[in-house]
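This report refers to the structure that appears directly beneath it.
The values are calculated or read from the model by the stated rules, or taken from the named source; none is laboratory data. Note that this is a predicted model, so its numbers are computed, not measured. Don't worry about glycine lacking a Cβ; one is built from the backbone with ideal geometry, like all the others, and counts go over all protein chains shown.
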Amino acid sequence: MLGAVWPALGYIAATVWMAVLIHEAGHYLAGLAVGLPARAMRIRLRPAPPHVALRDGEQWLSPEDRAYVPAFVQYRESAPAAWIFIAGGFVAETVAMVGLALATQAVAGLPAIVLLTSTAILLLYLAGDVIGSARSGEPTGDASALWRLSKAGTLTLIAVLLGARALALMMVW
């Protein structure tokens with residue numbers, strides 16, 4: 001029994017770690033795609049929560065800093081660019097997790113673990129974001145920031161992300 005549990009726990013831990021790294025890399029790549037200079041962004045895993053820091057002069061800002069949005073605007077003043085930058089994390093994470101699940105079908109149980117773990121992380125993150133934003137009246141995460149920029153776009157994005165994950169799960173189950 002324990003022989004099957006330890007590898008599964010390892011897969012879960014690796015999936016969590018990869019999902020976080022890929023999510024932040026997605027923000028970074030989306031930032032490049034919308035015109036943010038590479039020198040203006042830095043992936044930060046600590047202090048928590050992981051984020052893409054933006055340069056404002058000599059300091060690096062986290063999304064929790066009030067100066068973060070003005071720092072973004074100094075590089076790219078565009079609501080669609082901001083939406084793409086924010087959505088890039090969710091998109092990259094979903095593409096990578098679905099791709100990994102489909103590519104590892106030869107490893108018994110791994111595709112389902114990857115999809116179920118990464119989707120659970122996404123759903124917990126979305127729930128925390130909704131609760132935090134409702135309590136504070138301000139965006140507290142990627143989804144609520146996206147929502148502030150485009151409600152219809154955010155609903156569509158979340159539906160597509162969850163749909164892709166569900167379809168992939170049906171394919172590998």
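Looking across segment 41-77 at every residue that is of a type in the set (Gly, Ala, Ser) and more than 21 Å from Phe90 (Cα to Cα), the one that is surrounded by the fewest Cβ atoms within 10 Å (Cβ to Cβ) is identified as Gly57. The set of residues in segment 12-32 being over 20 Å from Val98 (Cβ atoms) and surrounded by fewer than 17 Cβ atoms within 10 Å (Cβ to Cβ) consists of Leu32 alone. Among the residues of segment 1-47, the one identified as under 18 Å from Ala67 (Cα atoms) and modelled with pLDDT under 95 is Pro47. Only a single item in (1) under 22 Å from Val20 (Cβ atoms); (2) modelled with pLDDT of 95 or more; (3) touching an Asp or Glu at 6+ places or on another chain (Cβ under 9 Å) is not met by Asp65, and it is number (2).
Report yes if some residue within segment 147-160 is closer than 17 Å to Pro49 by Cβ and under 14 Å from the mean Cα position of the chain (by Cα); otherwise report no. Show your work before the answer.
First pass over segment 147-160, keeping only residues closer than 17 Å to Pro49 by Cβ: none.
The answer is no, given that none of the residues of segment 147-160 is closer than 17 Å to Pro49 by Cβ and under 14 Å from the mean Cα position of the chain (by Cα).
Of these, Leu167, Leu123, Leu115, which one is surrounded by fewer than 17 Cβ atoms within 10 Å (Cβ to Cβ), free of Cβ contacts under 8 Å to residues at least 60 places away in the same chain and either under 15 Å from the mean Cα position of the chain (by Cα) or closer than 23 Å to Arg55 by Cβ (or both)?
On the way: Leu167 fails: either under 15 Å from the mean Cα position of the chain (by Cα) or closer than 23 Å to Arg55 by Cβ (or both); Leu115 fails: surrounded by fewer than 17 Cβ atoms within 10 Å (Cβ to Cβ).
Only one candidate passes the filter, namely Leu123.
Going residue by residue through segment 43-63, is there one that turns out to be under 13 Å from the mean Cα position of the chain (by Cα) and in a helix (DSSP H, G or I)? No, segment 43-63 contains no residue that is under 13 Å from the mean Cα position of the chain (by Cα) and in a helix (DSSP H, G or I).
Touching a residue at least 24 places away in the same chain (Cβ under 8 Å), in contact with a His (Cβ under 8 Å, 6 or more places away or on another chain) and not hydroxyl-bearing (Ser, Thr, Tyr), is that true of Gly88? Reasoning before the result, please.
On the way: touching a residue at least 24 places away in the same chain (Cβ under 8 Å): yes; in contact with a His (Cβ under 8 Å, 6 or more places away or on another chain): yes; not hydroxyl-bearing (Ser, Thr, Tyr): yes.
Judged against the criteria, Gly88 is a match.
Residues in segment 150-165 that are in a helix (DSSP H, G or I) and in contact with a helix residue (DSSP H, G or I) (Cβ under 8 Å, 6 or more places away or on another chain) were compared, and the one that is nearest to Ala101 (Cα to Cα) is Arg165.
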